[in-house]
Amino acid sequence: MKVNVMKHNPSGLFKKLSLAGAAFMLAGTFALSPAMAAGGEPGPEIKRQDWSFNGFNGKYNKAQLQRGFGVYKEVCSACHGLKLLSYRNLAQKGGPEFSKEQALAIAKEATVIDGVDDSGDPKERPGKLSDRFQSPFKNEAEARSANNGAYPPDFSVLAKARTIHRHVPWYTEPYYWAYDIVTAYEEKGSDYIYALLTGYGTAPNGVTLGDGMSYNKVFAGHQIAMAAPLTEDAVEYTDGTPTTVEQHAKDVTAFMAWASEPHLNARKDLGKRVQIYLLILALLLFLAKRSVWSRVKH
Amino acid sequence: MSEHSSSYKPSNAFTRWMDERLPIIRLVYDSFGVFPTPRNLNYLWTFGGILTFCLLVQIVTGIVIAMHFVAHGDHAFASVEHLMRDVNWGDLIRYTHAVGASMFFFAAYVHIFRGLYYGSYKSPREILWILGVIILLMMIITAFMGYSLVWGQMSFWAVTVITNLFTAIPIVGESITQWIWGGYSVGDPTLNRLFSLHYLFPFIIAALVGLHIWALHVVGSNNPTGVEVKTKEDTLSFFPYFVIKDGFMVIMFALLFSWFVFYAPNYLGHSDNYIEANPLQTPPHIVPEWYFLPFYAILRAIPDKLFGVIAMVLAIVVLFVIPWLDTSKIKSVKYRPMFKPFFWLFVITCLALGYLGAKAPEGYYLLASRLFTAYYFIHFLVVMPVVGLIEKPKALPDSITESVTGKSSPEETAKEGAQS
Amino acid sequence: MSSDHNDEGRRDFLMVAAGSFAAVGAGASLWPLVDQMNPDASAKALASIEIDLTPIKEGQAVTVMWRGKPIFIRKRTADEIKSAESADNADMRDPQTDETRVQKPEWLVLIGICTHLGCIPRGQANGDVHGDFGGWFCPCHGSHYDTSGRIRKGPAPKNLEVPPYTFVSDTKIKIG
């Protein structure tokens, strides 16, 4: 006894009314969205870079991480710490993969305070592989006083602590969300850092910079306390890679990405095996399910 | 259905001995073996099993993370990073837990909307539904506390903002807030109690899930027609039919889950939470995790502090009373032509509130939040009671079996078949 | 009838195959949950330490920490070496010659944990009780160790353990 009553449905009017209501509400937000975009996120649209570690198959490039470490050491480490990493990490798999000896040599350049001597004063010794990276400043106050009041952030997780926003109409946002998930795009922070490092320039007319500040088109407010850190040929590369500002920026950003996500290579490798396993299991379960249910009508 | 006598027969001396002392094998056999389940359930009904899987994953990974976490303001953030960097498999365990929270809510929301669509809250399933709402409430509190433990900027300021909601309570608000903080601001005592309760609550949730399943087994599953089970013909035993079906969907769900864990673990998080908590600096945009966004939008839609909080709380509390707000005799929206468009309008409302919760509450975003917030409550308080009274529903099938085997037109049967 | 049987067989096969495949995966996913309790990378990085021996004078002993355990390093006097070597043939519970327990006779390196129930024996400082055999004495249950760290009297079943170590230079050892 199944009668289709749709033909003489008295509620058609209600349906139309409520759909109209929904359409009205959606249209309300839609029509007025350009006005909002104008007053929305500051800064220019940031271009996405083609990182070696981006996406489903992305992995760190060992040579790039080694160059990036070079840039960090020569240029950044005077002000920026790397306190969550240890010197041994430089030799670990999936990273810059320096040899143990190279990593130890880097560690030994640092001075580490370890315990107290017989008179109770802090005892200094050269760094070991097991030591954490030594920060350039003892504390935030020292860092600020040495940097015109600004605090150079630690690099350990910085590449995950920054992000960028797409400048797209709101109704296309769900599409981009899905796109980023499917393409496994997790490099928003790296894109930001690269854009910042290459975003220096002279201030446009009418912009007055504060004392000791530099103009940067990417930084929020466009005034940044850090002077343009990278110059052409700032760091010597032994592998023949061009030593442009862009290349330096790319390499040091890749290094920072690795510092903030050191197990990315291993994670993506294991991920493939897990996904294949789950696909096979899903297929088996599907066949078993179909076979079990084939004996009943459903 | 609670009266149905057990058909379990111990097969050997040990099971007979056991059965006389603790009939636990009988319980499992009755509840998950022969338990009669409507044969026409569609795939939306597998989300109960998926949610059980989610709870298990969260508890297991959570216990493991607690072995490495340090509940102290100076060390919490670093201990999480230590877990990510140095502990064997630590990054995967933590990402599974973090992504797992999102997956848990995703599955819970599908489960809830399935219940709303098919009228699973209606008599005789009111208690079953209410237990579910309590579980949702506990999940919200637990997830919030868990997020705070990372002690990043978002964690810290989320705790600050949410605990400050209590100051909206007249007269005693200030004292309650200080009681929650254990001080005059969010600090170490707060972090410690959040950790303690975050560890406790999942076990309370597990107990509530036990009650939820118990209540389910008393009244039996609802089904896409909303017509109650009449004969044995209408049902199939839980094993193997639904075990294998649920199992298949759990693995499909695990595929999605593992995609996030392995390839987009930070996609659902916020970059500001990788900055250690700093009580002197608030991030420019405070946004909760995506699964709280609709409630956050409701909170901000109301210009008054106290009424904003009340509205947000009511948004969940109203779910407790919908078994009595819905005046329709018919369960499934499938047979309710007048109510159906309102149902989908409600779905759009929830999605829109989620979207608006992530936007700055100004200009037209704010206006839209207010419109959708209004409909959120109108849907439950006006549409549900009124439409149920004036609507003329479509004819229901006589029984579940009829809806499956279909004595009407062949197209109808094919359509049903595709859904089950 | 026979096709029914085939169906049944195929169904059972698929159920068993899917079930076992799922069980393998469940088993494999247990491993990370177990392995996370093993020493982590930062602990493993501390698995070996280097010790400078120059400040230790003859007849003195120092205690250093290695993998969370006390390590006794003693620069033995000629008398102590002699007493240890002359006891090589004495009646012992855990017979070992002194030669097998040291790399250089003057340097004795031991894990300072009583092999009975894990207490730390006395005898590092010169004013300590050294036991009946001039080495160490465990106050918990009265085990006496000699100047080679061998158990000579009391309940301990084994000699004090010698950790793995190498001389990096004449005045430096690496333990672990």
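Annotations for the structure displayed:
- Counted as qualifying within region A:53-157 are the helices (runs of 4 or more DSSP H) with 2 or more residues that are closer than 24 Å to B:His82 by Cα, namely A:62-71, A:100-108.
- Within region C:75-127, if we keep just the residues that are in a helix (DSSP H, G or I) and of a type in the set (A, V, I, L, M), the residue that is surrounded by the fewest Cβ atoms within 10 Å (Cβ to Cβ) turns out to be C:Ala78.
- The set of residues from region B:221-258 being closer than 12 Å to B:Phe35 by Cβ, open to solvent by 30 Å² or more (accessible area, probe 1.4 Å) and either of a type in the set (A, V, I, L, M) or away from chain A (no Cβ under 11 Å) (or both) comprises B:Val229, B:Phe238, B:Val243.
- Criterion (within 27 Å of B:Thr225 (Cβ to Cβ) and open to solvent by 20 Å² or more (accessible area, probe 1.4 Å)) met by exactly one of B:Lys305, B:Lys329: B:Lys329
- A:Leu129 in contact with a helix residue (DSSP H, G or I) (Cβ under 6 Å, 6 or more places away or on another chain), free of Cβ contacts under 8 Å to residues at least 60 places away in the same chain and closer than 28 Å to B:Asp91 by Cβ: yes
Yes or no, residue by residue, for (1) touching a Phe, Trp or Tyr at 6+ places or on another chain (Cβ under 8 Å); (2) open to solvent by 60 Å² or more (accessible area, probe 1.4 Å); (3) touching a residue at least 60 places away in the same chain (Cβ under 8 Å); (4) not hydrophobic (A, V, I, L, M, F, W, C):
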| residue | (1), (2), (3), (4) |
| --- | --- |
| A:Ala107 | yes, no, no, no |
| A:Arg125 | no, no, no, yes |
| A:Gln134 | no, yes, no, yes |
| A:Asn147 | no, no, yes, yes |
| A:Trp177 | no, yes, no, no |
| A:Lys188 | no, no, no, yes |
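To keep it simple, each residue is scored yes or no on (1) under 19 Å from C:Ala17 (Cα atoms); (2) assigned to a helix (DSSP H, G or I); (3) facing chain B (nearest Cβ under 9 Å).
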{"position": "A:Ala249", "(1), (2), (3)": "no, yes, no"}
{"position": "A:Phe255", "(1), (2), (3)": "no, yes, no"}
{"position": "A:Ala259", "(1), (2), (3)": "no, yes, no"}
{"position": "A:Pro262", "(1), (2), (3)": "no, no, yes"}
{"position": "A:Leu270", "(1), (2), (3)": "no, yes, yes"}
{"position": "A:Ile276", "(1), (2), (3)": "yes, yes, no"}
{"position": "A:Ile280", "(1), (2), (3)": "yes, yes, no"}
{"position": "A:Leu287", "(1), (2), (3)": "yes, yes, no"}
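- Yes/no for C:Asp79 being of a type outside the set (A, V, I, L, M), closer than 27 Å to C:Pro157 by Cβ and without any contact (Cβ under 8 Å) to a residue 60 or more places away in the chain: no
- The one condition in (1) of a type in the set (Phe, Trp, Tyr); (2) touching a residue at least 24 places away in the same chain (Cβ under 8 Å); (3) within 14 Å of chain B (Cβ to nearest Cβ) that C:Phe13 fails to fulfil: (2)
- Here A:Gly120 meets each of (1) touching a residue at least 12 places away in the same chain (Cβ under 8 Å); (2) surrounded by fewer than 17 Cβ atoms within 10 Å (Cβ to Cβ) with one exception, condition (1).
- Conditions (1) in a helix (DSSP H, G or I); (2) more than 18 Å from C:Leu33 (Cβ to Cβ); number of the one not met by B:Val99: (2)
- When A:Gly210, A:Gly206, A:Gly221 are screened for being assigned to a loop (DSSP other than H, G, I, E, B) and free of Cβ contacts under 8 Å to residues at least 12 places away in the same chain, only A:Gly206 passes.
- Scan of region C:82-131 for residues that are under 13 Å from C:Glu161 (Cα atoms) and of a type in the set (A, V, I, L, M, F, W, C), ordered by number: C:Val102, C:Leu108, C:Val109, C:Leu110, C:Ile111, C:Ile113, C:Cys114, C:Ile120
- Exactly one residue out of A:Ile280, A:Ile276, A:Ile224 is over 17 Å from the mean Cα position of the chain (by Cα) and farther than 30 Å from C:Ser20 by Cβ: that is A:Ile224.
Yes or no, residue by residue, for (1) open to solvent by 60 Å² or more (accessible area, probe 1.4 Å); (2) under 25 Å from B:Trp290 (Cβ atoms); (3) within 14 Å of chain C (Cβ to nearest Cβ):
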{"site": "B:Pro38", "(1), (2), (3)": "no, no, no"}
{"site": "B:Leu44", "(1), (2), (3)": "yes, yes, no"}
{"site": "B:Cys54", "(1), (2), (3)": "no, yes, no"}
{"site": "B:Gly62", "(1), (2), (3)": "no, yes, yes"}
{"site": "B:Arg94", "(1), (2), (3)": "no, yes, yes"}
{"site": "B:Gly100", "(1), (2), (3)": "no, yes, yes"}
{"site": "B:Phe104", "(1), (2), (3)": "no, yes, no"}
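- For region C:85-96, the criterion of being touching a Gly at 6+ places or on another chain (Cβ under 7 Å) and more than 12 Å from C:Ile151 (Cα to Cα) is met by no residue.
- Test result for A:Gly199, within 11 Å of chain B (Cβ to nearest Cβ) and either open to solvent by less than 30 Å² (accessible area, probe 1.4 Å) or more than 30 Å from A:Ala225 (Cα to Cα) (or both): no
- Only a single item in (1) more than 12 Å from chain C (Cβ to nearest Cβ); (2) open to solvent by 30 Å² or more (accessible area, probe 1.4 Å); (3) closer than 30 Å to C:Pro55 by Cβ; (4) of a type outside the set (Phe, Trp, Tyr) is not met by A:Leu129, and it is number (1).
- Members of region A:79-100 found to be away from chain B (no Cβ under 14 Å), over 18 Å from A:Ala159 (Cβ atoms) and either surrounded by 17 or more Cβ atoms within 10 Å (Cβ to Cβ) or at pLDDT 95 or above (or both), listed by number: A:Ala91, A:Glu97, A:Phe98, A:Ser99
- For region C:39-66, a tally of residues being polar (S, T, N, Q) and under 17 Å from the mean Cα position of the chain (by Cα) returns 2.
- B:Gly73 being more than 14 Å from chain C (Cβ to nearest Cβ) and either closer than 22 Å to B:Cys350 by Cβ or crowded, with 23+ Cβ neighbours inside 10 Å (or both): no
- Tally, over region B:217-239, of residues that are outside any loop (DSSP other than H, G, I, E, B), touching a Phe, Trp or Tyr at 6+ places or on another chain (Cβ under 9 Å) and not hydroxyl-bearing (Ser, Thr, Tyr): 4
The values are calculated or read from the model by the stated rules, or taken from the named source; none is laboratory data. If you're wondering where the values come from, they're calculated on a predicted model, not measured in any experiment. All Cβ positions, even for glycine, are placed from backbone atoms using ideal geometry, and neighbour counts span all protein chains on display. Just the protein is used for accessible areas: all its heavy atoms, side chains included, with ligands, DNA and RNA removed. Shrake-Rupley method; radii C 1.70, N 1.55, O 1.52, S 1.80 Å.
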